[in-house]
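> Let me give you the structure first, and then I'll get to my questions.
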Amino acid sequence: MENHLSNPLGYEPLPKLLRSFAVPSVIAMLVSSLYNIVDQIFIGQGVGYLGNAATNVAYPLTTICLAIALLIGIGSASRFSLSLGAGEPEQAARVVGNAIAMMAVLGILYALLVELFLHPLLLAFGATPDVMPYAIEYTRITALGMPLLIVTNAMSNLARADGSPKYSMTCMLVGAVINTILDPIFIFVFHQGVAGAALATVIGQFFSFLLAVRYAFRFQHINLRREHLRLSLSESLQTASLGMSSSLNQVAITFVQIVINNSLTHYGASSIYGTDIPLAACGIVMKTNAILLAVVIGISQGSQPIIGFNYGAKQYDRVRGIYRLAIGCNLVVSLVGFLLFQFCPRQIISIFGSGNALYFEFAVRFMRIFLFMVLVNGVQMLSSSFFSAIGKPVKGLVLSMTRQVLFLIPLLLLLPILMGGIDGILFAGPVADTMAFLTTVCLVSREMKRIRGLEAQNAG
């Protein structure tokens with residue numbers, strides 16, 4: 001009792017807690033997504049839609065990078081919160097030290113693999129002959145910043161779990177501001193094209209990285225010592241088990257992007273749109289949706305330390321309360337996104353540069369149809385994070401896989417055949433979202449029933 005009464009996560013009002021943790025987290029996630037959005041806008045204006053197609057082809061490499069960051073960041077933050085809630089600060093310190101070692105090893109290894117196998121990777125991601133030179137030029141540079149991105153994102157999750165959501169937000173904000181300032185300078189003043197956009201991104205990531213590393217020396221609730229900073233297989237596996245659902249959700253997004261890119265070029269070749277228009281339009285629609293998802297993920301990440309701490313402290317009424325509150329916020333945000341995607345698609349797409357009539361026709365249809373069920377899409381993502389926060393990685397993993405792997409990828413392969421072409425790709429999105437939502441409702445309802453039982457036992 002003394003432990004959770006001494007930590008605000010255990011006693012402050014839930015709306016106040018969610019606001020203080022989720023708002024900086026949302027801003028941090030929005031800033032993270034802006035790295036790619038800003039590049040897309042300036043490249044569209046300064047290079048053209050082939051440049052946009054190139055960043056779309058390169059985007060799966062970034063999502064894999066974020067998957068590694070989430071594996072470490074969400075997993076270690078979940079264990080950190082559970083350990084603090086259970087009154088075990090020394091174990092929490094070991095979790096953090098091992099996480100920092102994981103960031104360094106996996107970050108460097110991933111960057112090396114990207115540089116070594118870049119051409120076949122971009123080919124697999126759907127690069128056409130016209131797009132490939134831009135994609136290689138862009139990715140050769142952004143790969144250098146991927147270890148920095150892993151450290152920044154993972155440390156941001158730990159800072160948030162330690163009760164410093166504003167510091168977490170600042171880490172991301174600094175890099176994005178620098179990137180936004182440098183993008184037009186490198187593209188329009190120095191005429192460096194996609195290479196300039198990539199260089200601006202890496203410079204921004206470097207300054208975010210410096211701030212993230214600085215937090216390792218200022219944790220509030222643990223005393224991090226040098227002996228904690230070592231790689232342990234058992235600690236790494238436990239961290240990975242809790243971060244797996246969020247990580248695999250990002251990996252699944254990568255596979256979806258690969259399937260969509262290749263399907264669009266295949267079916268686009270036999271349509272009036274050709275191969276490059278669907279590829280460029282898809283990149284814009286996906287990255288626009290990424291802004292909405294950044295808010296949803298920010299709410300989810302903001303609720304995670306509150307859920308994890310109170311579950312570890314056996315305050316189950318607060319666990320249920322914060323989940324309900326987070327779902328309510330998610331639905332409000334998703335409703336705003338739905339209205340914008342349905343009623344203002346052309347205005348949104350125009351932000352990313354110009355194109356011919358066929359380009360806008362396809363991009364508008366893609367946005368309206370593919371994102372039609374966006375209202376309930378975030379429920380699955382938030383619930384997956386909820387299961388990870390309470391130490392149920394298997395259920396979190398199942399929910400992570402539902403929308404992307406179990407439903408969307410098969411539908412992307414099947415519906416174009418049944419519907420006779422490219423329209424099947426568009427309709428796969430809302431069908432998969434509906435099926436994932438229904439699955440989520442079933443799993444969460446059962447878990448909440450179990451938690452109410454635990455609450456009754458504690459009261460008895």
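The values are calculated or read from the model by the stated rules, or taken from the named source; none is laboratory data. Here the structure is a predicted model, which means the values were calculated and not measured. Methodologically, a virtual Cβ is constructed for each residue, glycine included, from the backbone with ideal geometry; neighbour enumeration extends over all protein chains shown. All accessible areas refer to the heavy atoms of the entire protein, side chains included, with ligands and DNA or RNA removed. Shrake-Rupley method; radii C 1.70, N 1.55, O 1.52, S 1.80 Å.
> Restricting to the range 241-252, name every residue that is more than 11 Å from Leu70 (Cβ to Cβ) and either open to solvent by less than 10 Å² (accessible area, probe 1.4 Å) or in contact with a Phe, Trp or Tyr (Cβ under 9 Å, 6 or more places away or on another chain) (or both).
Ala252
> Out of the helices (runs of 4 or more DSSP H) lying entirely within the range 1-119, which hold 1 or more residues that are among the acidic types (Asp, Glu)?
2-5, 14-46, 89-116
> Looking at Leu211 and the list (1) under 30 Å from Leu397 (Cα atoms); (2) assigned to a helix (DSSP H, G or I), which single condition is not satisfied?
(1)
> Considering the range 439-456 alone, what residues qualify as being within 31 Å of the chain's Cα centre (by Cα), among the hydrophobic types (A, V, I, L, M, F, W, C) and surrounded by fewer than 18 Cβ atoms within 10 Å (Cβ to Cβ)?
Hits for the range 439-456 are Val441, Cys442, Met448, Ile451.
> Continuing with this model, one more query. Exactly one of these conditions fails for Gly421: (1) part of a helix (DSSP H, G or I); (2) out of contact with any Cys (no Cβ under 9 Å at 6 or more places or on another chain). Give me its number.
With respect to (1) part of a helix (DSSP H, G or I); (2) out of contact with any Cys (no Cβ under 9 Å at 6 or more places or on another chain), Gly421 is out only on (1).
> Within the range 342-373, track down each residue that is without any contact (Cβ under 8 Å) to a residue 40 or more places away in the chain and in contact with a helix residue (DSSP H, G or I) (Cβ under 7 Å, 6 or more places away or on another chain).
Gln342, Pro345, Arg346, Phe360, Val364, Arg368
> Name the single residue, out of those in the range 198-217 being open to solvent by 20 Å² or more (accessible area, probe 1.4 Å) and in contact (Cβ under 8 Å) with a residue 40 or more places away in the chain, that is farthest from Ala143 (Cα to Cα).
By that ranking, first place goes to Ala216.
> Let me ask you something else. Look through the range 225-265, keep the residues that are farther than 30 Å from Val131 by Cα, in a helix (DSSP H, G or I) and among the aliphatic types (A, V, I, L, M), and return whichever of them is farthest from the chain's Cα centre (by Cα).
Among them, the one singled out is Leu233.
> Quick one: which of Met169, Met146 is within 16 Å of the chain's Cα centre (by Cα), open to solvent by 10 Å² or more (accessible area, probe 1.4 Å), touching a residue at least 24 places away in the same chain (Cβ under 8 Å) and farther than 18 Å from Leu224 by Cα?
None of the others qualify; the one that does is Met169.
> Scanning the range 1-48 for residues that are farther than 30 Å from Pro184 by Cβ, modelled with pLDDT under 80 and open to solvent by less than 60 Å² (accessible area, probe 1.4 Å), which turns out farthest from the chain's Cα centre (by Cα)?
Selected residue: Asn3.
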